[in-house]
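The values are calculated or read from the model by the stated rules, or taken from the named source; none is laboratory data. Predicted, not measured: the structure shown is a model, and the values here were computed from it. Note: ideal-geometry Cβ built from the backbone for every residue, glycine included; neighbour counts use all protein chains shown. SASA here: full protein model, heavy atoms, side chains in, ligands and nucleic acids out. Shrake-Rupley method; radii C 1.70, N 1.55, O 1.52, S 1.80 Å.
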Amino acid sequence: MDANGEELAPAVRSILAAARDRAGGEERLSVDARSFPAAVADAEAEGRVPVIAEVKPTSPTTDGRRDDEPVDLARAMVDGGATAISVLTEPDHFGGTPESLARIREAVDVPVLRKDFIVQESQLDLVASDLILLIARFVDDLDALVTAAEERGFQPLVEVHTREELDRALEAGADLIGVNNRDLAQLEVDLDTFETIAPHVPDDVTLIAESGIGSAADVRRMREAGADALLIGSAIMDGDVTENVRRFTTA
Ligand SMILES: O=P(O)(O)OC[C@@H](O)[C@@H](O)c1c[nH]c2ccccc12
């Protein structure tokens, strides 16, 4: 059981057990982050839908894995108009590495999000990124981690799935919030999740719809429900990455 009192999917329990044992960085980082809200505003000004495209070699809900050079994938995503790049750094279940994130961040000039299961402060120091994901469900002291991330210069993106988690994110002072349409207990996706939670998010928060977006119609649906940006992984990783991103940025 987790803090929500709900049984987690076996894959997620295994991810969390691995995350608790994973070492952090040796030294406290100080990052000079590329602004995500500014990147979103630029995309809007140029008539592109703001999309965070995710480099996700595999996942517990994906068949097979994609072993393309991560830097090539990220460049191809930027060519398709991606506003930011998300990079999985979780090694055991998503095929990610901190090194690929570091190389991608060197190679592109858009903001880069580190996607991992951070459960303690020292894990923030593993690799520099512009944005860093904090999953409300898995973090006990969210205020402390949000503050620790901001002190290092990161823009924390706090991920929520319920109203209660949204309230915790707001109390922790998050100004970038992602609503994950995938339930981490069952790993099922339901786009209603975003539609249910979005009306309760204050306007000054940059709001991101995460997971399960597979078509231009899904993009329009999430935008109508109030998404400032979309985080899309599987539907971009499957096939021609540039074409896939373009399909979403022009939706
Ligand atoms: O592949 P999708 O359904 O487009 O989803 C992307 C992203 O939202 C998903 O990878 C994700 C959202 N939150 C996470 C937390 C950890 C790992 C992965 C995730």
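From the list Val127, Val110, Val179, which one is of a type in the set (Val, Ile, Thr) and within 13 Å of the ligand (Cβ to nearest atom)?
Unique residue meeting the criteria: Val179.
Looking at Val219, Val241, Val160, which one is without any contact (Cβ under 8 Å) to a residue 60 or more places away in the chain and β-branched (Val, Ile, Thr)?
Val160
Being in a loop (DSSP other than H, G, I, E, B) and open to solvent by less than 40 Å² (accessible area, probe 1.4 Å) is the filter here, so list the residues in region 120-131 that pass it.
Val127, Ala128, Ser129, Asp130
Considering Ile236, Ile208, Ile197, Ile213, which residue is more than 22 Å from Arg137 (Cα to Cα) and modelled with pLDDT of 95 or more?
Ile236
State whether the residues of region 36-50 include one that is open to solvent by less than 10 Å² (accessible area, probe 1.4 Å), within 16 Å of the ligand (Cβ to nearest atom), among the β-branched types (Val, Ile, Thr) and farther than 19 Å from Phe94 by Cβ.
Among the residues of region 36-50, not one is open to solvent by less than 10 Å² (accessible area, probe 1.4 Å), within 16 Å of the ligand (Cβ to nearest atom), among the β-branched types (Val, Ile, Thr) and farther than 19 Å from Phe94 by Cβ, which makes the answer no.
Residues checked against (1) part of a helix (DSSP H, G or I); (2) more than 17 Å from the chain's Cα centre (by Cα); (3) within 25 Å of Ala9 (Cα to Cα):
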residue	(1), (2), (3)
Ala174	no, no, no
Val179	no, no, yes
Asp204	no, yes, no
Ile208	no, no, yes
Gly214	no, no, yes
Val219	yes, no, no
Gly226	no, yes, no
Ile236	yes, no, yes
Gly239	no, yes, no
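Report those helices (runs of 4 or more DSSP H) wholly inside region 1-107 carrying at least 2 residues which are of a type in the set (Lys, Arg).
Ranges flagged: 10-21, 98-107.
Being in contact with a Pro (Cβ under 6 Å, 6 or more places away or on another chain) and either within 17 Å of Pro156 (Cα to Cα) or of a type in the set (Phe, Trp, Tyr) (or both) is the filter here; which residues of region 84-130 pass it?
Ala84, Thr89, Leu126, Val127, Asp130
Applying the selection to region 186-202, what residues are open to solvent by less than 20 Å² (accessible area, probe 1.4 Å), within 13 Å of the ligand (Cβ to nearest atom) and assigned to a loop (DSSP other than H, G, I, E, B)?
Result: Leu191, single match.
Using beta carbons and a limit of 8 Å, which pairs, at least six apart or on different chains, have the first residue in region 6-21 and open to solvent by less than 50 Å² (accessible area, probe 1.4 Å) and the second one of a type in the set (Val, Ile, Thr) and modelled with pLDDT of 90 or more?
Listed by first residue and then by second, the contacts come to Leu16/Val119; Ala19/Ile118; Ala19/Val119.
Within region 155-169, which residues are surrounded by fewer than 22 Cβ atoms within 10 Å (Cβ to Cβ) and either basic (Lys, Arg) or not in a helix (DSSP H, G or I) (or both)?
Correct list: Thr162, Arg163, Arg168.
Among the numbered criteria (1) in a loop (DSSP other than H, G, I, E, B); (2) buried (at least 23 other Cβ atoms within 10 Å of the Cβ); (3) away from the ligand (no atom under 14 Å from the Cβ), which one does Asp140 miss?
The failed condition is (2).
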